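Read through the structure below, which is laid out as structure tokens, and then see the notes.
The values are calculated or read from the model by the stated rules, or taken from the named source; none is laboratory data. Keep in mind it's a predicted model, so treat the numbers as computed, not measured. Neighbour counts run over all protein chains shown; Cβ positions are idealised from the backbone, glycine included.
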Amino acid sequence: MDKPIELGLQTVEEMHPLLLQVHVNVMQELLMPEGERKFRCWQSHLADYSKQIPIPIVLKEVGFGMDVKTIERAYELGVRTVDLSGRGGTSFAYIENRRSGQRDYLNQWGQSTMQVLLNAQDWKDKVELLVSGGVRNPLDMIKCLVFGAKAVGLSRTILELIENYTVEEVIGIVQGWKDDLRLIMCALNCATIPDLQKVDYLLYGKLKEAKDQMKKA
Ligand SMILES: Cc1cc2nc3c(=O)[nH]c(=O)nc-3n(C[C@H](O)[C@H](O)[C@H](O)COP(=O)(O)O)c2cc1C
């Protein structure tokens, strides 16, 4: 985050946005030949943004997964909304490595969306958790809501739909997701989103191993 507060204030003044997203995307920057190389100022800049920007600030990962230490530090600096955006969908490492023709061994960098969401459970009452990264359908959305997501975001899924269908058809598909969310909630005997957070669940395999390791850490 190399944009000093003056630029943030100017953006808000000129564009009147409802909120301002600040990206934390070190690996993406490092993999971009023309990417940012100075990372010393992001914490002081973020503190300035939290204090001085008159609209909500969302601190956002971009598909590598935000770890708990980053959430903790961001909270200390005044951030109250984070988008955890984990691995599992769009990979900007893959995109940048394809563009540069280098380092494809780093394509899978990052923590998965469910892994970071599980790790963030102790934070869900202190910060708003937005979740993105590989969310593809209403069942994925429900899983995020069970683990305390305030909202979910889909980029790749929507772009793929737009590639294959007309805008009207995509709107119809997205409207249909609302019915499917109700269907799944009915099957889980949940009338409200807070009800979803009380649903029992089982974790298997790598996700369970990761959660157990994080508990010990
Ligand atoms: C081409 C493209 C451009 C994006 N640009 C932005 C952006 O400018 N701001 C933003 O908040 N998210 C942006 N995103 C989305 C996020 O980085 C998102 O968290 C990430 O793509 C993972 O979600 P997905 O798997 O649903 O794509 C973009 C995604 C794509 C695919």
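Tabulated results
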| read-out | value |
| --- | --- |
| Residue that is farthest from the ligand (Cβ to nearest atom), among those in the stretch 46-73 that are under 18 Å from Gly153 (Cβ atoms) and either surrounded by fewer than 16 Cβ atoms within 10 Å (Cβ to Cβ) or among the aliphatic types (A, V, I, L, M) (or both) | Ile71 |
| Which numbered condition Leu30 misses (of (1) modelled with pLDDT of 95 or more; (2) touching a helix residue (DSSP H, G or I) at 6+ places or on another chain (Cβ under 7 Å)) | (2) |
| Residues of the stretch 179-205 classified as within 21 Å of Leu129 (Cβ to Cβ), of a type in the set (D, E, K, R) and surrounded by fewer than 12 Cβ atoms within 10 Å (Cβ to Cβ), total | 2 |
| Residue identified as modelled with pLDDT of 95 or more, within 11 Å of the ligand (Cβ to nearest atom) and farther than 30 Å from Leu188 by Cα among Ser85, Ser91 | Ser91 |
| Candidate set: the stretch 165-174, residues that are assigned to a helix (DSSP H, G or I) and farther than 30 Å from Ala120 by Cα; chosen: the one farthest from the ligand (Cβ to nearest atom) | Glu168 |
| Helices (runs of 4 or more DSSP H) lying entirely in the stretch 110-164 (those with 1 or more residues that are within 13 Å of the ligand (Cβ to nearest atom), without any contact (Cβ under 8 Å) to a residue 24 or more places away in the chain and not charged (D, E, K, R)) | 156-164 |
| Selection status of Ser132, surrounded by 15 or more Cβ atoms within 10 Å (Cβ to Cβ), hydroxyl-bearing (Ser, Thr, Tyr) and over 21 Å from Leu19 (Cβ atoms) | no |
| Exclusive hit being buried (at least 16 other Cβ atoms within 10 Å of the Cβ) and outside any loop (DSSP other than H, G, I, E, B), set Gln28, Gln21, Gln43, Gln10 | Gln28 |
| Any hit, the stretch 194-213, residues being part of a helix (DSSP H, G or I) and either within 16 Å of the ligand (Cβ to nearest atom) or on the phi > 0 side of the Ramachandran plot (or both) | yes |
